[in-house]
Amino acid sequence: MPDRPDAYDSLARGPAASIAYRKYLGRSGRPGVVFLGGFRSDLTGIKARHIDRLCRAQDRSYVRFDYQGHGASSTRFEDCTVGLWLEDALAIIDQLTEGPQILVGSSMGGWLALLAGLQRPDRIAGIAAVAPATDFTETLLWARLDEERRREMVESGRLTIPSAYDPAGYVVTTRLVEEGRRHLLLDAPIPLGCPVRLLHGMQDADVPWHHSVKLVEALAGGDATLTLVKDGDHRLSRPQDLARLGAALGELG
C-alpha cells in the first residue's frame with residue numbers, strides 16, 4: 001500500500017522550522033531503527049518503506065524522517081548544510097527514540113549515520129549503510145569541479161549540477177561545501193565502536209565503490225564488513241538488494 005503524502009507527524013526544530021517524520025512503536029525489545037535518507041531523498045523512498053514493512057513484521061520500533069529542506073519538512077534546501085542535517089538526525093534520535101538504535105543510512109544518510117554514531121556512542125547499537133557518500137561535499141562534489149566551475153560557484157555562491165534524478169539538476173551552495181569541511185571523516189581513523197555493515201553496487205555512477213573500501217579502512221572498530229554487489233547501481237533498491245539490506249540489519253540486532 002503506497003504512503004499517503006500527508007500522513008506524517010512533525011517535530012519542531014526551533015520557532016520556524018520542523019521535521020516531518022513517521023514513527024512505529026514496536027514492542028519486541030530489539031533495538032529500534034532510524035532511517036537516514038539520501039541527498040534530496042525523502043521518507044517515502046523505496047528503502048525507507050521497505051525497512052518500515054520489515055520493522056512492523058518484526059514488531060520493532062522504527063522512525064523515518066525528512067531532513068530540513070527535504071520532502072515535507074520546512075526550510076529552503078539552499079539554506080541547509082551537513083551540520084543542520086546532522087542536528088536533525090540527532091533531534092530524531094534524542095526526542096523520538098529510547099534505548100539502543102540501529103541507524104540505516106542511504107548515500108548521504110550513511111555519512112550522517114557515522115557522524116551521529118560518533119556523537120551518540122551510547123545510543124547507537126550498529127550502522128547499516130547503502131552506498132555511503134561519506135565526505136561527499138568535498139570528495140564527490142568539490143573535487144569533481146574544474147577551476148572554471150569552482151570560480152563560478154565561489155563568485156555566485158551557488159551552482160547547478162546535473163543529476164540523473166532531476167532533469168533540472170540540483171542547486172548546491174558554497175556554504176554547503178564550506179560547512180561540510182567541518183564534518184569530514186575519511187582522512188583520519190574513525191573512532192566508531194559499534195558494528196558497521198556496508199553495501200555498495202559496483203556499477204554505482206554517483207559514489208564509486210572504492211569510496212566504501214576507503215571507509216572500511218578508516219573505521220577503527222574491528223566489526224565492519226563491506227558487501228560489493230557487482231551488478232548493483234547507486235540506489236540498490238531491487239528486491240535482491242533490499243533482501244541484503246534486511247539481512248545486514250538482522251546481523252546488527
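The values are calculated or read from the model by the stated rules, or taken from the named source; none is laboratory data. The structure displayed is predicted, hence computed values, not measured ones. Quick reminder, even Gly has a Cβ in these numbers, built from the backbone with ideal geometry, and neighbours come from all protein chains shown.
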Legend entry - Lone unmet requirement of (1) touching a residue at least 60 places away in the same chain (Cβ under 8 Å); (2) out of contact with any Ser or Thr (no Cβ under 8 Å at 6 or more places or on another chain); (3) crowded, with 20+ Cβ neighbours inside 10 Å for Arg64: (1)
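Find the residue count for segment 201-232, including only residues that are acidic (Asp, Glu) and touching a helix residue (DSSP H, G or I) at 6+ places or on another chain (Cβ under 9 Å). Spell out how you get there, then give the answer.
Just the residues of segment 201-232 that are acidic (Asp, Glu), to begin with: 204, 206, 217, 223, 231.
Right, trim to touching a helix residue (DSSP H, G or I) at 6+ places or on another chain (Cβ under 9 Å) and you get 204, 206.
Total meeting the criteria: 2.
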Inset, instruction - Report yes if some residue within segment 154-174 is more than 20 Å from the chain's Cα centre (by Cα), of a type in the set (D, E, K, R) and farther than 30 Å from Gly253 by Cα; otherwise report no. - result: yes
Inset, instruction - Looking for whichever is in contact (Cβ under 8 Å) with a residue 24 or more places away in the chain and either part of a helix (DSSP H, G or I) or on the phi > 0 side of the Ramachandran plot (or both) here; the options are Leu103, Leu115. Which one fits? - result: Leu115
Legend entry - Breaking point among (1) of a type in the set (Gly, Ala, Ser); (2) surrounded by fewer than 19 Cβ atoms within 10 Å (Cβ to Cβ); (3) at positive phi, for Gly71: (2)
Legend entry - Among the residues listed as Leu86, Leu198, Leu141, the single one being more than 25 Å from Gly222 (Cβ to Cβ), within 16 Å of the chain's Cα centre (by Cα) and at pLDDT 95 or above: Leu86
Inset, instruction - Starting from segment 206-233, keep only residues that are farther than 14 Å from Ala128 by Cα, then list their pairs with residues that are of a type in the set (Phe, Trp, Tyr) whose Cβ atoms are within a distance under 8 Å, requiring at least 6 positions of separation or different chains. - result: Val207/Phe136
Legend entry - Subset of segment 19-32 that is surrounded by 19 or more Cβ atoms within 10 Å (Cβ to Cβ) and in contact with a Ser or Thr (Cβ under 7 Å, 6 or more places away or on another chain) - its residue that is nearest to Ala125 (Cα to Cα): Gly32
Legend entry - Residue pairs meeting the criteria (Cβ under 7 Å; at least 6 apart or on separate chains; first in a helix (DSSP H, G or I), in segment 127-147; second of a type in the set (Phe, Trp, Tyr)): Phe136/Trp111
